[in-house]
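Below: the structure, in structure tokens.
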Amino acid sequence: MIAVDLPYWAQSLLRVLGGTVAVLLPAGTIVYLFLFKMMSFMQSRLGPMEAGPYGSMQLFAEVGKWLQKEDIQPENADKRIFKIAPLIVLVSTFLLVAVVPFGPDAYFTDFEAGIFYALAVSSVSVLGILIAGWSSANKYSLLGGLRAAGQLIAYELPMVLAVIGVVIQAGTMNLNQIVEQQNAGSMFGWDGLGNPYILTQFVGFLVFMIAVQAELTQAPFDMPIAESELVSGYMTEYSGFRFLIFFIAEFATVGVFSLIASVLFLGGWGIPFSWFGWESNNDVDDWMNIVGPLIMITKMLGLSFLIMWVRFSYPRLREDQLQRFAWKVLIPVSLINIMFTAILKVAF
Amino acid sequence: MTDLIDRQKLSYIAAQAADARLNVELETEGMTLNIGPQHPATHGTLRIIVRLDGEQVVWADPSAGYMHRGYEKLTEVRTFPQVTTLINRIDWLGSFANEVPFILAAEQLMEIEAPPRAQWIRTILFELSRIANVSLFLGDLGVQLGAITPVFFAFRDREYVLNLIEGATGGRFHPNFDRIGGLKEDLPKGWIDETRQVMKKLRNFCDEIENLLFGNKIFQDRTRGIGVIPPAVAQQYGLSGANLRASGVDWDLRRDQSLPLAYDKVDFKVWTHPDGDSFARCWVRLQETREATKIVDQLLDGIPSGPVMAKVPRIIKVPEGEAFVSTENPLGEMGYYVVSQGDLGPFRVKIRTASFNNISIVPWVLRGVYVPDVITILASLYFILGDIDK
Amino acid sequence: MGFLRDRYNEYGKGMQVTLATFAQTVKPKKYGGGAATVQYPHEKESPPVRARGVIALREDNCTACMLCARSCPDWCIYIEGHKELAPPRRAGGAPRKVNKLDRFDIDYALCMYCGICVEVCPFDALFWSPEYEYSEPRIADLLHDKTKLGEWMETVPEAPELEAGAEKKKK
């Protein structure tokens with residue numbers, strides 16, 4: 001434990017601040033590094049270059065622009081619901097980040113059923129998207145909202161099933177213990193790398209990342225937004241600050257899901273414990289609370305790079321093809337994965 | 001006239017039937033969705049009214065005319081040199097190709113022929129504008145399907161072609177380079193070498209697009225078997241260009257027609273595809289872009305020397321008569337029916353544009369597809385609003 | 001392995017293209033990399049010599065004959081002139097009548113950049129210049145008068161040499 005005793009209110013304040021940083025920092029980094037720069041480079045251009053060195057202040061300029069814009073509400077919209085919809089989407093991101101461990105003691109809450117909770121609250125955003133689509137009083141929004149609902153529910157299942165493999169192998173749903181299991185583990189007696197589950201659960205990892213891609217509505221699964229078909233899907237009628245919230249939520253969720261994936265499959269904040277002769281989480285030195293978050297951010301950026309790379313390369317699937325892919329490919333594959341994991345778990 | 005009434009009646013019956021079907025099967029109402037006039041996928045102001053059952057289209061009707069600029073009427077009050085600059089703007093992506101049939105029609109009426117060098121350069125620029133036009137299609141296709149990167153590649157490589165056109169004619173988009181009896185000027189020095197370099201880049205671009213888009217499984221899933229147009233239907237609706245060739249009809253005015261252009265001097269393949277679906281239309285266009293770069297290369301090797309302008313009077317008066325000339329433009333068959341009464345300007349010009357006919361098949365081909373496929377099919381039919389509304 | 005190769009063809013090639021472009025753009029300029037775009041206000045591309053950027057006027061050559069104004073498809077050239085008596089060329093001769101230009105305006109908001117005016121001018125008074133940086137915040141300010149058009153004469157380049165095989169101009 002961190003060797004300072006803080007009053008309860010200070011701890012709460014610290015947690016709130018930390019949570020905000022943990023949501024906004026990855027979102028900003030991802031938007032700048034990947035959306036602004038990587039996409040531009042992949043398209044043989046430089047992206048924003050004027051605001052700040054190499055355009056690094058561009059995001060602040062964009063935020064300023066959005067904040068100045070008029071907040072337009074359609075006349076026929078269900079005003080109250082229209083207004084809270086983006087907040088619901090954002091809240092789900094904040095709820096998600098609450099269980100992500102950044103270090104041996106650097107976490108917001110230490111749930112026993114952490115991953116269970118994470119998967120549960122990630123579905124809250126569907127609600128926000130659905131009511132955003134419904135309350136906009138726009139046919140494109142409605143189509144987008146319904147598509148989003150169908151898609152997010154369909155892909156929740158393979159995601160859960162992919163996580164079950166990890167849970168079986170780790171024997172716990174506590175995210176911090178999953179990290180510990182991976183870093184303290186060994187592969188066939190060799191513990192130089194620990195036992196990151198990406199090696200044993202590679203199929204699960206693939207399924208999880210595909211489901212994350214769909215859950216985040218990034219191409220090739222971006223039909224709910226589908227700017228060439230549905231203008232902007234459920235976001236069509238939103239402008240100014242409310243659009244900004246959707247935008248932040250979208251990229252913050254990319255960051256948070258990358259964090260969760262790195263916890264589940266890449267060993268989270270940890271480095272293989274054998275390097276320093278640690279046995280379990282209790283032995284880990286305090287400096288890991290500083291280095292751990294940095295390691296996490298690195299891993300998060302790596303996974304976000306994958307997500308974004310796919311996004312910038314692929315065309316979009318059709319809604320029925322997407323559903324077919326979820327039900328006929330991903331779910332059977334992840335079920336087989338669970339079966340094999342269970343058999344191997346019992347055998348070894 | 002009876003045809004028109006029949007068609008209206010048919011579309012009315014289709015709408016009624018659609019409603020009836022919805023009411024009987026599901027006891028729900030259809031949703032009428034306006035795609036356009038302001039919509040990202042219509043690249044321009046085409047409005048398509050679709051009636052949806054869920055996401056399935058049961059009835060669709062294109063409604064053009066939001067960008068009507070009255071070119072046919074305008075030509076009546078302009079002189080022949082002035083008309084050339086107007087008709088540049090019909091299909092704005094392949095604008096040099098718009099000039100050629102009009103000039104050929106006027107030349108036919110005046111009974112003069114451009115010198116061979118002018119004909120060759122005309123053909124080169126014609127093919128360059130085809131490349132500029134279709135390469136943008138290949139990129140835009142990606143955007144319509146949700147892939148954002150191809151369009152930037154298309155803009156990047158189309159820029160080289162536009163620079164070439166600008167280097168020779170002075171105008172990037174609206175060359176206004178064709179004159180009755182030849183061309184405005186000869187090519188500047190170094191242009192031929194530069195063109196060879198650019199053609200290499202364009203072939204590379206075609207490979208990139210093929211890897212990025214056409215080979216992709218998702219792209220194929222989205223386009224194969226979608227919006228199938230059988231050859232007979234395609235011919236009935238008067239489709240032309242790549243849309244017709246993708247249905248398996250081997251028809252290309254470049255090869256089938258003998259005009260004073262240099263196409264008979266080069267060896268090229270007319271690509272067709274038996275499927276007639278969206279993929280076939282895109283694929284045929286990709287192959288045509290490749291083929292066009294080869295045509296340009298062959299033409300560059302054999303440009304004859306000589307003047308680029310025949311002897312024509314300084315003030316052009318076209319003798320009385322009528323002429324119709326059509327060429328294989330990037331979008332399909334484009335023709336001008338020019339009626340002259342011996343004045344400085346034409347008496348009447350009827351412009352047959354490819355997109356107008358290509359888009360007329362929309363009600364037929366959109367019936368029963370899903371909303372995302374509406375976009376795919378529209379993208380693969382490839383229309384340009386200026387070409388529809390004139 | 002066939003299965004993997006198929007999957008690579010279907011999904012991998014596209015990602016390879018984007019990654020290759022990424023590497024190409026990130027590569028420093030001196031090794032042949034860099035973006036395809038130009039950072040406009042900082043670095044400028046020079047347009048081709050023939051580019052139709054703006055119409056420049058050599059006022060001395062203009063006789064206010066109105067040919068350009070009449071041949072303009074959208075009538076965006078406004079000319080006013082008057083006749084003046086100039087001193088005779090040779091001593092003792094009759095005074096000459098000279099056309100003086102009072103006003104020569106081109107409305108670039110209307111101009112279609114077709115170049116017909118430059119072509120019809122019988123006295124070589126109008127020229128194309130590749131200059132392109134003359135945008136204005138107000139559309140009415142795009143109406144430029146003869147002094148402004150005269151200033152653009154400096155930017156008019158020499159006509160380029162022609163490609164091999166072209167007929168030499170008879171002068």
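The values are calculated or read from the model by the stated rules, or taken from the named source; none is laboratory data. The shown structure was predicted, so the numbers you read here are calculated from the model rather than taken from an experiment. FYI the Cβ positions are ideal-geometry reconstructions off the backbone, even for glycines, and counts take in every protein chain you see.
So the values come out like this:
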| read-out | value |
| --- | --- |
| Residue that is farthest from the other protein chains (Cβ to nearest Cβ) [pool: residues in region A:30-62 that are of a type outside the set (A, V, I, L, M, F, W, C), assigned to a helix (DSSP H, G or I) and surrounded by fewer than 19 Cβ atoms within 10 Å (Cβ to Cβ)] | A:Glu62 |
| B:Asn216 vs. criteria of a type in the set (S, T, N, Q), within 10 Å of chain C (Cβ to nearest Cβ), closer than 22 Å to B:Lys294 by Cα and touching a Gly at 6+ places or on another chain (Cβ under 7 Å) | no |
| Output for region C:114-160, where each listed residue is under 12 Å from the mean Cα position of the chain (by Cα), surrounded by fewer than 19 Cβ atoms within 10 Å (Cβ to Cβ) and not aliphatic (A, V, I, L, M) | C:Pro130, C:Glu131, C:Tyr132, C:Glu133, C:Tyr134, C:Thr155, C:Pro157 |
| Residue within region A:217-232 that is part of a helix (DSSP H, G or I) and buried (at least 21 other Cβ atoms within 10 Å of the Cβ) present | no |
| Residue selected from region C:1-56 under the condition within 30 Å of B:Gly171 (Cα to Cα) and among the acidic types (Asp, Glu), by the criterion surrounded by the fewest Cβ atoms within 10 Å (Cβ to Cβ) | C:Glu43 |
| Subset of region A:218-233 (residues that are hydroxyl-bearing (Ser, Thr, Tyr) and either touching a strand residue (DSSP E or B) at 6+ places or on another chain (Cβ under 8 Å) or more than 7 Å from every other protein chain (Cβ to nearest Cβ) (or both)) | A:Ser232 |
| Out of C:Leu110, C:Leu142, sole residue that is over 30 Å from B:Lys311 (Cα atoms) and within 14 Å of chain B (Cβ to nearest Cβ) | C:Leu110 |
| Region C:19-78 - residue that is aromatic (Phe, Trp, Tyr) and away from chain B (no Cβ under 11 Å) and, of those, farthest from B:Thr149 (Cα to Cα) | C:Tyr78 |
| Residue that is nearest to B:Asp264 (Cα to Cα), among those in region B:288-324 that are more than 13 Å from chain C (Cβ to nearest Cβ) and of a type in the set (Ser, Thr, Tyr) | B:Thr293 |
| Elements of type helices (runs of 4 or more DSSP H) in region B:342-382, at least 1 residues being within 13 Å of chain A (Cβ to nearest Cβ) and surrounded by 23 or more Cβ atoms within 10 Å (Cβ to Cβ) | B:371-381 |
| Residue in region B:188-201 that is more than 29 Å from C:Val17 (Cα to Cα) and either within 13 Å of chain A (Cβ to nearest Cβ) or hydroxyl-bearing (Ser, Thr, Tyr) (or both) present | no |
| Scope region A:292-321; condition within 10 Å of chain B (Cβ to nearest Cβ) and assigned to a helix (DSSP H, G or I); matching residues | A:Arg311, A:Phe312, A:Ser313, A:Glu319, A:Asp320, A:Gln321 |
| Candidate set: region A:86-116, residues that are over 30 Å from A:Ile271 (Cα atoms) and free of Cβ contacts under 8 Å to residues at least 60 places away in the same chain; chosen: the one nearest to the chain's Cα centre (by Cα) | A:Val91 |
| Hits in region B:153-165 - residues which are surrounded by fewer than 22 Cβ atoms within 10 Å (Cβ to Cβ), at the interface with chain A (Cβ under 10 Å from one of its Cβ atoms) and hydrophobic (A, V, I, L, M, F, W, C) | B:Phe155 |
| Residue within region C:123-132 that is under 19 Å from B:Val308 (Cβ atoms) and within 14 Å of chain B (Cβ to nearest Cβ) present | yes |
| Residue check for B:Thr223: within 14 Å of chain A (Cβ to nearest Cβ) and of a type in the set (Val, Ile, Thr) | yes |
| Selection from region A:62-90 of residues that are β-branched (Val, Ile, Thr) and under 27 Å from A:Leu294 (Cβ atoms) | A:Val63 |
| Of residues in region A:118-128 being closer than 15 Å to A:Val163 by Cβ and in contact with a Leu (Cβ under 8 Å, 6 or more places away or on another chain), the one surrounded by the most Cβ atoms within 10 Å (Cβ to Cβ) | A:Ala118 |
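This table checks each residue for (1) in a loop (DSSP other than H, G, I, E, B); (2) outside the structural domain of B:Arg290 (by TED's automatic domain parsing); (3) without any contact (Cβ under 8 Å) to a residue 40 or more places away in the chain; (4) not basic (Lys, Arg).
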| residue | (1), (2), (3), (4) |
| --- | --- |
| B:Ile209 | no, no, no, yes |
| B:Leu212 | no, no, no, yes |
| B:Phe219 | no, no, no, yes |
| B:Gly238 | yes, no, no, yes |
| B:Arg254 | no, no, no, no |
| B:Pro260 | yes, no, no, yes |
| B:Lys269 | yes, no, yes, no |
| B:Pro274 | yes, no, yes, yes |
